[in-house]
Amino acid sequence: MDASVPRGLAAPGAVTGAGPGISLPQLLIGSAVALTVLVPVSLALGWYVAGRFLRPLRAITATAKVISAGNLHRRLDLGGPADELTELGHTLDDLFARLQASFDAQRHFVANASHELRTPLAACVPCSKSPSP
């Protein structure tokens, strides 16, 4: 026994055999039951929370796959809280708008070029080199 502890009192941190505490086997059984119950609950809760957070990303991915060169008028139109995924959706919407404008300009140019190639003036250019009667 320690000399600084008076007789009849236990030293600090000493474990006494008698007392109203929980025994080691009871503690191990309680811990095993808590672990058995909490692991599936935490896995289910984690699955649910991850699904809720990834739902907008799945929507962005699905809509981006649908959008193609012939369907550039469609947009993501994400609403909700201003977070990183909403910002990504707005950035993709801007990208699709620029792509649509580019494709429209290309179609307009091709239409103008083909129109110019079909005009009588373009058809008569070789005729002007022939001698006049």
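The values are calculated or read from the model by the stated rules, or taken from the named source; none is laboratory data. Keep in mind it's a predicted model, so treat the numbers as computed, not measured. As a convention, Cβ positions derive from the backbone with ideal geometry for all residues, glycine included, and neighbour counts pool all protein chains shown. Side chains are part of the model used for accessible areas, which takes the heavy atoms of the whole protein and leaves out ligands, DNA and RNA. Shrake-Rupley method; radii C 1.70, N 1.55, O 1.52, S 1.80 Å.
Overview of values
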item: Estimated distance in nm for a label pair at LEU35 and ASN71, the labels positioned 7 Å out from Cα along Cα-to-Cβ; result: 5.1 nm
item: Accessible-area order (highest first, 1.4 angstrom probe) of the listed residues ARG74, ARG107, ARG118; result: ARG118, ARG107, ARG74
item: Within-14-Å neighbourhood charge of ALA101 [Cβ basis; K, R +1; D, E -1]; result: 0
item: Which of ASP104, ASP93, ASP77 is most accessible, then next, and so on - probe 1.4 Å; result: ASP77, ASP104, ASP93
item: Accessible area of THR36 in the full protein assembly, 1.4 Å probe (Å², nearest 10); result: 100 Å²
item: Surface share of carbon and sulfur [accessible, 1.4 angstrom probe, percent] for the stretch 36-120; result: 66 percent
item: PHE53 accessible area, assembled protein chains, probe 1.4 Å, Å²; result: 150 Å²
item: Whole-Hz couplings from phi, Karplus 6.51/-1.76/1.60, listed for the stretch 94-104; x for Gly and Pro; result: 5, 4, 5, 5, 5, 4, 4, 4, 5, 5, 5
item: Cβ-based net charge around ASN112, under 14 Å, with every Lys or Arg adding one and every Asp or Glu removing one; result: 0
